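To start, the structure under review is shown below, and the notes come after it.
The values are calculated or read from the model by the stated rules, or taken from the named source; none is laboratory data. In this text, all values refer to a predicted model and were calculated from it rather than measured experimentally. Every residue, glycine as well, gets a Cβ built from its backbone with ideal geometry; the counts of neighbours run over all protein chains shown. Calculation scope for accessible area: heavy atoms of the full protein, side chains included, ligands and nucleic acids excluded. Shrake-Rupley method; radii C 1.70, N 1.55, O 1.52, S 1.80 Å.
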Amino acid sequence: MANFYRDNDDIQFLLRHIELGKLAEIAEENFRFAGEFDHAPANAEEAIQNYDMVLESLGQLSAEFIAPRAEDVDRQGNSLNENGTVSYAKGTAENLEKLAQAEVMGFTLPHKFGGLNFPNVIYSIAIEMVSRADASLMNIFGLQGIAETINAFASEKIKEKYLHKFSAGKVTGAMVLTEPDAGSDLQAVKLRAFQDKQGKWFLHGVKRFITNGCGEVLLVLARSEPEMSDGRGLSLFVCDRGPTVHIRRLEDKLGIHGSPTCEIFFDNTPCEIIGERQRGLITYVMSLMNGARIGIAGQSLGIAEAAFRVARDYAATRKQFSVAIEKLPAVRDMLIDMKIAIEGGRALLYETSRVVDFEIGYAKRLETNPPEDKAEAKQLKTDLRKYKRCAGMLTPMSKYYCSEMCNRIAYDSIQVLGGSGYMRDYACERHARDARITTIYEGTSQLQVVAAVRGVCSGMAEKFIAELAEKQYEPALNDLLDKLAEGREQLKKAVAFVKENGNEYMDLYGRALVDIAIDLIIGYLFCGQASTKVEMEVAAAEDGQTDGSPLSMKERKAMIARRFVTRNAPKITSLIESICTGDKSTFTDYPALIGPVVGEL
């Protein structure tokens with residue numbers, strides 16, 4: 001039977017390579033729920049068995065039920081009915097019903113609300129598998145962050161009202177943030193939140209580009225303080241889909257056709273406030289967006305994996321010049337680079353998810369069960385600050401790297417297929433259309449760079465990379481570690497130069513700085529994988545020179561680390577040289593280079 005969990009050797013390996021036992025202990029709060037809830041594990045071994053069983057089930061569902069419907073979902077799309085309701089594509093509705101039956105719509109929610117209480121690492125794997133099957137479905141399945149936000153910040157009354165329904169798959173939600181004049185700049189949100197004489201809240205105004213805006217539960221960012229025009233005047237509200245919530249249109253999009261993107265008019269819609277006034281954007285939405293960005297990184301991985309597999313299969317069977325095209329050096333090189341880029345993105349995303357799990361776990365411990373020992377409590381606070389800063393840097397890095405990588409893989413997948421890839425006979429054209437949005441929504445790549453470069457220039461990246469460098473590695477990797485160490489020194493030099501030239505210069509060369517930091521991080525993560533204690537054999541391809549005999553994953557990861565690090569070292573050097581030129585022609589020569597706007601002549 002097809003299974004998107006069992007057929008992915010890299011996921012199988014990483015689950016054994018990552019310290020899942022510790023993550024389980026943190027998520028289960030030292031397994032204190034075992035006597036209270038039937039499905040709560042009593043120890044790390046039981047928890048890991050639970051993760052494996054759920055991923056096995058979801059992997060099979062993704063491969064055998066969701067994936068076969070993806071093409072029809074893409075072609076059918078959603079429809080806006082005359083009464084203002086939205087009908088999903090037939091396949092999407094069937095998929096959501098199956099996901100609810102599989103009890104996977106509350107992946108990270110606590111046991112007490114019917115959730116699985118799984119770590120973010122496991123949720124990231126689930127998102128990748130669902131996205132590989134149908135990227136548009138992830139936009140509904142992956143909106144579980146809405147429930148997480150309610151759990152983290154809402155009153156107990158609101159939690160009880162909504163979270164059991166989310167876990168059971170009885171409702172879906174939407175993040176209602178964007179407006180016609182407030183996209184990347186959410187501080188410009190104008191939708192009005194006001195109170196009547198009894199103190200009840202209502203919403204009035206328009207939202208646009210809302211993924212699954214037809215969902216039953218809507219988290220809405222609105223201006224509760226009309227006298228404040230910036231982010232301090234915004235609060236977060238929750239409301240039900242009802243007669244005062246009007247879907248005015250569905251966007252006609254390039255891709256992700258199974259995911260309805262709505263324009264919504266709120267006509268004095270009753271709602272409830274989440275948490276405190278004025279913290280809507282600064283605290284709650286930023287938390288929501290960070291989770292969403294990890295979700296888009298997972299979605300990007302799923303699309304990339306699907307696109308790569310189309311190209312890999314085609315290259316092995318398509319013959320030109322009397323040989324399979326995978327024998328041609330140019331095609332072979334493309335396929336190897338695609339495969340390594342995907343595994344690099346997976347390494348970065350899972351590391352990011354691991355760090356976020358520690359951040360969430362330590363914050364929960366301090367809030368609900370702080371250590372009585374003062375020294376232990378102090379250390380826990382120190383660790384929390386570290387993980388919070390790391391997560392703040394790694395999250396935009398993961399979203400940026402994985403989404404950009406996804407678009408390259410989808411593009412190259414079509415290229416491997418040639419003219420056939422341009423036709424709708426093969427799925428890679430759908431993957432390319434679906435991939436395009438990943439660098440845009442939940443924060444464009446440019447905004448991710450702006451967020452990540454602050455971590456690079458503040459020294460956070462250097463500290464994080466230094467911790468990676470201090471780990472124990474196989475002696476056979478010493479030459480690669482030397483190259484990475486040289487890259488670290490080059491990065492320090494570039495950061496110092498950028499700081500001397502001010503914030504504007506930092507933003508100008510932010511992408512180069514972030515690219516260097518990501519390459520170094522992934523390089524160390526690959527070296528860590530190549531030094532693993534996990535004993536696992538994987539199959540090799542038969543190419544006429546080798547018989548396809550299995551090799552150890554450790555040996556294979558050493559090959560990957562070597563190719564990745566050695567090929568990126570010259571790129572890092574080149575980027576450093578570019579950063580340190582001091583070239584500011586983007587600022588000084590812009591009017592002459594770009595020319596006037598047509599119409600101003």
### Query
Got a sec? Which helices (runs of 4 or more DSSP H) wholly within the range 20-134 have at least 3 residues that are in contact with a Leu (Cβ under 8 Å, 6 or more places away or on another chain)?
44-61, 90-101, 120-133
### Residue count, the range 248-291 (criterion: in a strand (DSSP E or B) and open to solvent by 10 Å² or more (accessible area, probe 1.4 Å))
12
### Task
Look at Q490 and say whether it is touching a residue at least 40 places away in the same chain (Cβ under 8 Å), open to solvent by 70 Å² or more (accessible area, probe 1.4 Å) and among the polar types (S, T, N, Q).
no
### Summary
Restricted to the range 446-475 and to residues being in contact with a helix residue (DSSP H, G or I) (Cβ under 7 Å, 6 or more places away or on another chain) and not in a helix (DSSP H, G or I), the residue most open to solvent (accessible area, probe 1.4 Å) is K471
### Query
In the range 1-51, what residues are small (G, A, S), touching a residue at least 60 places away in the same chain (Cβ under 8 Å) and loosely packed, with under 15 Cβ neighbours inside 10 Å?
A2
### Query
Is at least one residue of the range 287-308 without any contact (Cβ under 8 Å) to a residue 12 or more places away in the chain and within 30 Å of E148 (Cα to Cα)?
no
#### Entry: Residue check, V54 within 16 Å of T211 (Cβ to Cβ) and at pLDDT 95 or above
no
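Quick grid of which residues meet (1) touching a strand residue (DSSP E or B) at 6+ places or on another chain (Cβ under 8 Å); (2) open to solvent by 20 Å² or more (accessible area, probe 1.4 Å); (3) at negative phi; (4) not β-branched (V, I, T):
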{"position": "A168", "(1), (2), (3), (4)": "no, yes, yes, yes"}
{"position": "G173", "(1), (2), (3), (4)": "yes, no, yes, yes"}
{"position": "V176", "(1), (2), (3), (4)": "yes, no, yes, no"}
{"position": "A182", "(1), (2), (3), (4)": "no, no, yes, yes"}
{"position": "V189", "(1), (2), (3), (4)": "yes, no, yes, no"}
{"position": "Q195", "(1), (2), (3), (4)": "yes, yes, yes, yes"}
## Note on the structure
With criteria (1) over 19 Å from S578 (Cα atoms); (2) open to solvent by 70 Å² or more (accessible area, probe 1.4 Å); (3) under 28 Å from the mean Cα position of the chain (by Cα); (4) of a type outside the set (D, E), N478 comes up short on (3)
### Task
Would you confirm whether any residue within the range 132-147 is under 24 Å from K22 (Cα atoms), touching a Ser or Thr at 6+ places or on another chain (Cβ under 9 Å) and modelled with pLDDT of 95 or more?
no
### Message
If I filter the range 349-369 for residues that are buried (at least 23 other Cβ atoms within 10 Å of the Cβ), within 22 Å of R563 (Cα to Cα) and not hydrophobic (A, V, I, L, M, F, W, C), do I get at least one hit?
### Response
yes
### Query
Which residues, counting only those in the range 201-219, are open to solvent by less than 20 Å² (accessible area, probe 1.4 Å) and closer than 18 Å to I140 by Cβ?
K207, I210, N212, G213, C214, G215, V217, L218, L219
### Task
Having 3 or more residues that are farther than 20 Å from R279 by Cβ and in contact (Cβ under 8 Å) with a residue 40 or more places away in the chain is the bar; report the strands (runs of 3 or more DSSP E) wholly within the range 146-234 that clear it.
201-211
### Query
If a residue has to be out of contact with any Leu (no Cβ under 8 Å at 6 or more places or on another chain), under 25 Å from D10 (Cα atoms) and among the charged types (D, E, K, R) to count, how many in the range 311-341 make the cut?
6
### Query
Among the residues of the range 118-161, which ones are among the basic types (K, R) and crowded, with 24+ Cβ neighbours inside 10 Å?
R132
